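Okay, structure first, notes after.
The values are calculated or read from the model by the stated rules, or taken from the named source; none is laboratory data. Values in this document were obtained by computation on a predicted structure and should not be read as measured data. Using ideal geometry, Cβ is built from the backbone for each residue, glycine included, and neighbour counts are taken over all protein chains shown. Keep in mind that these areas ignore ligands, DNA and RNA; they rest on the heavy atoms of the full protein, side chains included. Shrake-Rupley method; radii C 1.70, N 1.55, O 1.52, S 1.80 Å.
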Amino acid sequence: MKPDRVVAFCPGHISGYFKRIIGDSIATTGSIGAGIVISEGVTATVQPSDRISICIRRKSSPGTSFEVSSGSPLLEHVLEQLNLTASVVTECTLPIGAGFGLSAAALLATLTAINQLFDRGMNAEEIAQCAHAAEVDHRTGLGDVAACQGGGRVIRSGPGIHGLIERRHDMPEPLYAISFGPIHTPRVLGSSAQMELASSAFPKTTPGNVEDFFHLSRHFAQQSGLMTQQAQNVIRQCDAAGIPSSMTMLGNGVFAYGRKAKEVLLAFDHVYEFRVSATGVHILEDLT
């Protein structure tokens, strides 16, 4: 018996630094870099419908949520490509468009649920490739889908979902973040000048440990021209308290590591708390 609805979850991803790679196909186009797959992300609930219906919700407090959008060109495009009609409700707690990889998480969660609900027979690799192609095509991301296939602190040495990815689980303490608002990702990724700056700022070494990761991420944010004044002010305070921190890519915000970070960040804005995710996208419910 086919399920009446399927619920899937995909963790988000904070990119510390990245470099765009243009391949000979959309599958080999993407980015290399390093980041953290986080325990907060997107939950997608998918049900059969006679038309495409997309609702984007964000939790404002435990047990409550509000509608952010009644449509999503990205998710609608994917459904049309698969020649499917469905009702999709996505929900998240983190701010959208603020450097937490939520567009990739929404795609992966939705596609994973769709695959189960409609018995499409796609494997995890095919689902990820579909999501990656949509992200690159719409300029909403380059490497988040590849990262969110699994958990951990990730180092991506090749573009696309088949690129070499090293996953390290060496961050036992919580992470904290604040957001001052979004940065328009398609505009940044579509700017040749900005991508050249990012490429020149890309580290020549890979991070050996957590401290290296934050050091390289900070250098990238400053040298790429992406660092905002608001983020710089927060990072200075983190530095004074000996807290590893950097700017969320691509978003006007800061993420920091360790329990001491929460008190420092609270002086600036609302603080989001999460951990490094142990896993990637997965099914939560399959209901008949």
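Can you give the helix-only mean residue ellipticity at 222 nm for the chain, where every DSSP H stretch with n ≥ 4 adds -39500 (n - 2.57) and the sum goes over all residues, rounded to the nearest 500 deg cm²/dmol?
Rounded to the nearest 500, the figure is -9500 deg cm²/dmol.
No solvent, one uniform scatterer per C-alpha: report log10 I(q)/I(0) for the range 204-287 via the Debye equation at q = 0.10, 0.13, 0.20, 0.23 1/Å, two decimals.
Taking Cα atoms of the range 204-287 as identical point scatterers yields -0.30, -0.47, -0.95, -1.18.
How large, in percent, is the carbon and sulfur part of the accessible surface of the chain at a probe radius of 1.4 Å?
About 48 percent, which is the carbon plus sulfur part of the accessible surface.
Note down the magnitude of the dipole of the range 1-148 about its Cα centre, charges +1 on Lys and Arg C-beta and -1 on Asp and Glu C-beta and zero elsewhere, to the nearest 20 debye.
300
Per the Cauchy relation, a quarter of the hull surface: what is the mean projected area of the convex hull of the alpha carbons in the range 85-244, in nm²?
Mean orientational projected area (the range 85-244, Cα hull): 10.8 nm².
On a C-alpha basis, how far is the centre of the range 215-246 from the centre of the range 1-58 in Å? Whole number, if you could?
27
About its Cα centre, how strong a charge dipole does the chain have in debye, to the nearest 20, once Lys and Arg get +1 and Asp and Glu get -1 at the Cβ?
My answer is approximately 580 debye.
About the Cα centre, and with charges only on the beta carbon of Lys, Arg (+1) and Asp, Glu (-1), how big is the dipole of the range 207-288? Nearest 20 debye, please.
It comes to approximately 280 debye.
Tell me which aspartates and glutamates have Cα within less than 16 Å of residue 19's Cα, excluding those fewer than 8 residues away on the same chain?
Once the sequence-local aspartates and glutamates are set aside, what remains near residue 19 is 135, 144, 196.
What figure, in Å² to the nearest 10, do you get for the accessible area of residue 59 with a 1.4 Å probe and non-protein molecules left out?
90
Projected onto the charge dipole of the chain (+1 at Lys/Arg Cβ, -1 at Asp/Glu Cβ, origin at the Cα centre), which of 3, 201, 128 gives the Cα projection farthest towards the positive end?
My answer, from the dipole projection, is 201.
Would you mind getting the accessible area per residue of the chain, heavy atoms of the protein chains only, 1.4 Å probe, in Å²?
43
Of the options 242, 215, 35, report the single residue whose Cα projects farthest towards the positive end of the charge dipole of the chain (beta-carbon charges: Lys, Arg +1; Asp, Glu -1).
Most positive-ward Cα: 242.
Just the Kirkwood number for the range 1-140, please: inverse of mean 1/r across all distinct Cα pairs, in Å, one decimal.
15.5
Could you pull out every one of the aspartates and glutamates with an alpha carbon less than 16 Å from that of residue 2, ignoring same-chain neighbours closer than 8 positions?
Those aspartates and glutamates meeting the cut-off are 119, 285, 286.
Rounded to the nearest angstrom and ordered from largest down, what semi-axes does the equivalent ellipsoid of the range 74-140 get from its C-alpha gyration tensor (root of 5λ)?
19, 13, 11
For the chain, evaluate the Debye formula with one uniform point scatterer on each Cα (no solvent term) and list log10 I(q)/I(0) at q = 0.07 Å⁻¹, rounded to two decimals.
-0.24
Rounded, prolate or oblate: which fits the range 154-254 when a ≥ b ≥ c are the square roots of the eigenvalues of the alpha-carbon gyration tensor, with rounded for a/c under 1.5 and prolate only if a/b beats b/c?
Taking the square roots of the gyration eigenvalues as a ≥ b ≥ c, the range 154-254 is oblate.
Label the range 175-214 by shape, choosing from rounded, prolate and oblate, from the square roots a ≥ b ≥ c of the eigenvalues of the Cα gyration tensor; if a/c is under 1.5 it is rounded, and otherwise prolate applies when a/b is larger than b/c, oblate when it is not.
It comes out oblate by the Cα gyration axes.
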